[in-house]
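The block underneath contains the structure these notes are about, expressed in structure tokens.
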Amino acid sequence: MLDLFKSSQKLPAEERIDGPNVYIRPPQDEDWQAWADLRERSRVFLVPWEPAWPPDSLTRHSYRRRLRHYAEEWRSGTGFAFFVFSRAEDGLRGGVTLTNVRRGVAETGTLGYWVGAPFARQGIMTEGLGCVIEYAFERLRLHRLEAACLPRNEASRKVLAKCGFREEGFAPKFLRINGDWEDHLLFALLAEEAMKRRLSRQDGAETPHSTVRALR
């Protein structure tokens, strides 16, 4: 059963995005313990901002269900999940998902993200999110990225602003968070806006944000 899981459900570990201080790659089966430990340590910190956690949310069985879902989305091109790791310590710090990818006339996807409580407000998620933004526009050739956060989540709003997102609107009772339908602020970023930010950084002689690569 384990071999079958690994052969049929494993996400492409060769995909990797490098930033100055973090790197991102798809989650793997062997990441379960580090993921479960960090999520448990961060439970009080994360619960107010996420859908309600089921009782078995941190079990290996639940984690593998999550990986199967991620793998199905990856194969269909509708979603791409990444874990964020410290380059210095090679430790798990959080995660970023690009979901609900729509092609055709939209060429759009939705970003979600979380960071472990011990690593919050250290710039880790700003850099990690920036890596996935670059992946979405350069590798996937999307036209637009969307994100949403609770109005009271100041930290998340600041991360989106630092990554160049514009606030576009207000959606009442938009998503069910921790069991309740919650209002959300809506944000978006266009490919040309991200390119202008990159060119501006290069003109200012800043280090490029990240390097998208596939290890073969």
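Tabulated data
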read-out	value
For segment 57-104 versus segment 128-201, the gap between their alpha-carbon centres in whole angstrom	18
Whether segment 4-97 is rounded, prolate or oblate, judged on the alpha carbon gyration tensor where a/c under 1.5 counts as rounded	oblate
Karplus-derived HN-Hα couplings along segment 133-142 (A = 6.51, B = -1.76, C = 1.60, θ = phi - 60°), whole Hz, x at Gly and Pro	4, 4, 4, 4, 7, 8, 7, 8, 6, 6
Amide proton proximity set for GLY19, modelled H, under 5 Å, gap of 5+	ILE24, THR211
Under-5 Å amide H pairs with HIS184, H placed in peptide plane, nonlocal only	ALA171, LYS173, PHE174
In Hz, Karplus ³J(HN,Hα) per residue of segment 117-128 (6.51, -1.76, 1.60; θ = phi - 60°; x = Gly, Pro)	3, x, 10, 6, 6, 10, x, 5, 6, 4, 6, x
Which label in [x] 20; [y] 14; [z] 25 gives the computed percent of Cα pairs over 30 Å apart	[x]
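All of the numbers you see were taken from the coordinates with simple rules; none came from a lab. A quick note: this is a predicted structure, and the numbers were derived from the prediction, not measured.
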